[in-house]
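Just so you know, all these numbers are worked out from the coordinates, no wet-lab data involved. Computed from a predicted structure; not experimentally measured. Note: ideal-geometry Cβ built from the backbone for every residue, glycine included; neighbour counts use all protein chains shown.
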Amino acid sequence: MPSAIVAGATGILGREIVFELSRSPQQWPTVHALSRSKKEEYPNNVIHHHIDLQSSASEMASSLQNVRCEYVFFAAYLQKDSEQENWDVNGALMSNFLEALVTTGAMRDVKRILLVTGAKQYGVHLGAVKNPMLESDPWLTGPEWPPNFYYNQQNILREFCSTHNKEWTVTYPNDVIGYAYGNFMNLALAIAIYASVTRELGQELVFPGAPEFYTKFDSFTSSKLHAEFCAWAALEPRAANEAFNVVNGDTESWQNLWPKVASRFDVKVKPDQFASAAGAWTKVIKDRLPASLTSHGDKNQPTSTPLYKKPPVSAIAPSVGLEGHPITTQSNLVKQIDLVQWAQREDVKSAWQTIAKRDSVREDALEKATWDFLQFVLSRDYDLVISMSKARKAGWTGYVDSWESLDGAFTELEKNGVVPT
């Protein structure tokens, strides 16, 4: 029976891979979970190892002397301040870990290495992308584009597997929905706190992001569904040496999700939540100016922050007939409410303290929530539609409703005493 190593075992995606494998002890009798600190109580077939993936290959090898496996799931990464730092640090993270397994002799038994990356593969952090996103889309390489550490990791993995005669698989999830306390990319926690505080303050729920994005489309990834995909892909012959998009299978918009969030937390959506922004937003759509818009005293007046000087879709614009189209101009992040500043307001802090004491939930959750990430996700002014056709053709049939996965993440946060029921 195969055994597995999961690196990054306490992250929002790695955590679920550990639990997914552990649910099938007859198929996965031993799962080695690797992380710097222990945050979970794992099932009996999971062995937790405290290991610093930032250490050298030789130091990691000393910690992994008796660890053997047939399948490696690499879901670890570190977020740095610049793209070049991300490239350097995360590349070293992966190459040193793989070399450590060579040093211990564990690599001799390995059949396949699965690398978890993300839709940053397509430049979703830079601006408007070509839709739908396909695994065959060209990489954004060359001096005109910033470094993308996912490219570095994939190149390292492919070269390593070619040298050592191993198979590989790569996943591209997007806007992950799941539970992992304090994780950098945790949408559910920040949304739950925002809605809970809004209710406590007796206010209506205002969408804090771009008015335009409210009616545009996004593709989400349930961390649980992603884990199921990883367990399937590790053993599936058709998944060998291939990269796959891994999203829920539906395409959602916040005009559908936001009222459901409001109902879930017993608040009402502000009926005219975009009315005060109408004039300024019309100007953004018409001119697509990168300069910040001014507030003029209205706290819901949108502000605009430019993204990269040219969006990813511009790379293929001539070949698809989009040259000169407005979508090829610089994209923006447009926010009605600055969530980072909102979370630092005294009335918000006081409201959360009241909630925490009354409902016995984590008071530090307000500061641990990833407000900047939620702001980014909600403030884009372009669609993100991700195709699952390649995975379907390879035999993958998994699907989950995105609202149900978000609702499930809220429930998990409640059960763990992070947000109020």
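Numerical summary
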{"item": "Distance from the stretch 368-421 to the stretch 85-121 (C-alpha centre basis), Å", "result": "26 Å"}
{"item": "With Cα atoms, 0 to 90° folded angle of helix 254-264 axis to the chain main axis", "result": "90 degrees"}
{"item": "Degrees separating the helix 223-235 axis from the principal Cα axis of the chain, which is the longest one", "result": "30 degrees"}
{"item": "The chain, relative contact order in percent, only Cα pairs under 8 angstrom and at least six apart counted", "result": "19 percent"}
{"item": "Beta bridges by DSSP in the chain, antiparallel share as percent, to the nearest 5", "result": "15 percent"}
{"item": "Residue-averaged [θ]222 nm for the chain, counting only DSSP H segments that reach four residues, each worth -39500 (n - 2.57)", "result": "-11000 deg cm²/dmol"}
{"item": "Most mobile of Pro318, Pro173, Pro43 in a GNM of the chain (Cα contacts under 10 Å)", "result": "Pro318"}
{"item": "Rounded tilt (10° steps) of 83-104 against the dominant C-alpha axis of the chain", "result": "20 degrees"}
{"item": "Rg(Cα) / (2.2 N^0.38 Å) computed for the stretch 3-172, rounded to two decimals", "result": "1.05"}
{"item": "Residue with peak Gaussian network fluctuation, the chain [Cα springs, cutoff 10 Å], from Asn155, Asn248, Asn86", "result": "Asn155"}
{"item": "Ranked packing of 125-131, 347-353, 402-408, most packed first, by mean Cβ within 10 Å", "result": "125-131, 402-408, 347-353"}
{"item": "Point-charge dipole on Cβ atoms (K/R +1, D/E -1) for the stretch 3-172, about Cα centre, debye to 20", "result": "420 debye"}
{"item": "Among Gly118, Ala343, Trp87 - extreme Cα towards positive end, dipole of the chain, charges at beta-carbon", "result": "Gly118"}
{"item": "Distance violations [Cα-Cα > 21 Å] among Lys309/Lys390; Lys120/Lys390; Lys130/Lys260; Lys309/Lys335; Lys224/Lys270", "result": "Lys309/Lys390; Lys130/Lys260; Lys224/Lys270"}
{"item": "Net +/- balance of residues flanking Lys260 in space, Cβ distance below 13 Å, scoring K and R +1, D and E -1", "result": "-3"}
{"item": "Local electrostatic count at Val269 - Lys and Arg +1, Asp and Glu -1, tallied over other residues with Cβ under 15 Å", "result": "+2"}
